[in-house]
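Undergrad: After the structure tokens below, expect a handful of questions from me.
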Amino acid sequence: MPQLSTKNIFSKYRYWLTIATPQSVWHARFQRVYIAWLSFSKNPIAMTGLYIILSLLILAMFAPLITSGDGTSQELQNRLLAPSANHWLGTDELGRDIFDRIVWGSQITLYIVILVAIIVLPIGLLIGTVAGYIGGWVDTILMRVTDIFLAFPRLILALAFVAALGPGLDNAVLAIALTAWSPFARIARAETLTIRNSEHILAARVQGASTTRILLHHITPLCLSSVIVRLTLDMAGIILTAAALGFLGLGAQPPMPEWGAMISSGRQYLLDQWWVPTIPGIAILIVSMGFNLLGDGLRDVLDPRSGEG
């Protein structure tokens with residue numbers, strides 16, 4: 001039998017993904033994802049953000065292969081060395097290779113980002129959809145609680161929670177999550193108010209669907225895209241808050257290579273050995289910019305109203 005070339009295989013799948021009459025629900029979903037990817041891939045700014053985040057993932061996954069150590073071993077005879085062939089980004093005040101610490105610090109950054117996302121996304125969706133769909137005194141109570149959290153600057157509120165919980169990476173993650181859920185609740189409520197009286201929701205009510213089923217199977221999926229876009233755009237603020245807590249000594253504790261803590265320990269060397277605090281600062285800048293660019297691209301794809309003018 002003749003072998004199909006790679007080009008023919010891609011052509012076959014491209015035709016399957018663009019056919020006018022999908023054969024099943026899953027076929028239609030795959031088509032939507034493919035069309036969204038085509039739109040996303042045409043945006044060079046969004047693709048730049050995607051490449052930055054993929055690079056962060058690769059660094060975190062292959063840290064043991066990329067680095068020469070764990071980023072915590074001290075070599076005092078090599079302290080404060082300038083960037084060179086042996087130490088690409090120089091060394092810090094304890095002789096630790098800054099490149100190694102940046103790479104291992106990417107794991108901490110991803111740990112913070114993923115855990116915060118896992119915590120705030122369900123909380124924000126639950127509070128926002130329940131408040132918007134049920135309304136009345138439930139909406140009033142939930143939104144007033146949300147307003148209280150929105151009224152305080154995120155960093156100040158996170159500092160208060162960490163002060164109560166104690167310093168440490170896990171406590172910092174919990175504190176950031178407790179201060180970050182409120183905007184997602186507001187967005188979910190706004191989306192729910194828009195769609196709660198739509199025809200398919202009314203049809204579900206007539207068929208006897210419970211409030212829980214309507215919230216989980218009809219309203220939450222429609223709110224998810226807007227919340228995901230906001231979450232992606234909010235990642236830069238989450239990273240900066242985590243770095244600020246690390247800078248103040250309330251986040252990841254030494255000798256963990258957390259970028260904010262690296263800036264804190266190296267700030268006294270800014271004038272003479274500039275690379276010690278500057279390199280982790282640049283890492284924070286690049287990753288934060290990557291999430292912002294990715295969020296802008298996702299907003300254009302997932303929110304069709306963003307292209308209306």
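Undergrad: So which residue, out of 164, 175, 63, gets the largest mean-square fluctuation from a GNM of the chain using Cα contacts under 10 Å as springs?
TA: Looking only at 164, 175, 63, the largest GNM fluctuation is found for 164.
Undergrad: Moving on. List the DSSP H helices in the chain whose Cα atoms stretch 15 Å or more along the helix axis and whose mean Kyte-Doolittle hydropathy is at least -0.5.
TA: 25-41, 44-61, 98-134, 136-151, 154-165, 169-180, 182-195, 220-247, 275-302
Undergrad: Where does each of 294-301, 53-60 land if you order them by average Cβ count within 10 Å, highest first? Don't skip to the answer; put the middle values down first.
TA: On the way: 294-301: 21.2, 53-60: 15.9.
The densest-packed peptide leads the list: 294-301, 53-60.
Undergrad: List 258, 191, 75 from most exposed to least, where exposure is judged by having the fewest other Cβ atoms within 10 Å. Working shown, then result.
TA: Details: 258 28, 191 22, 75 14.
Going from least to most buried by this count: 75, 191, 258.
Undergrad: Sticking with this one: Please rank 156, 98, fewest neighbouring Cβ atoms within 10 Å first, as an exposure proxy.
TA: Details: 156 9, 98 27.
Ascending number of Cβ neighbours within 10 Å: 156, 98.
Undergrad: So what is the calculated 222 nm ellipticity per residue for the chain, using -39500 (n - 2.57) for each DSSP H run with n of 4 or more, over all residues, to the nearest 500 deg cm²/dmol?
TA: Values: 14 runs with 219 residues, N = 309.
For the chain, the value works out to -23500 deg cm²/dmol.
Undergrad: Using the Cα gyration tensor of segment 1-156, with a ≥ b ≥ c the square roots of its eigenvalues, what is the shape: rounded (a/c below 1.5), prolate (a/b larger than b/c) or oblate (neither)?
TA: On the way: a/c = 3.35, a/b = 1.18, b/c = 2.85.
Oblate.
Undergrad: Hey, quick one: spin label on residue 147, modelled 7 Å out along Cα-Cβ, who in segment 192-218 has an amide N within reach, i.e. under 20 Å?
TA: 192-194
Bear in mind these aren't lab numbers, they're just calculated from the coordinates by the rules spelled out. Bear in mind the structure is a predicted one, so any value in this text is a computation, not a measurement. Note that we place each Cβ from the backbone using ideal geometry, even for glycine, and neighbour counts take in every protein chain shown.
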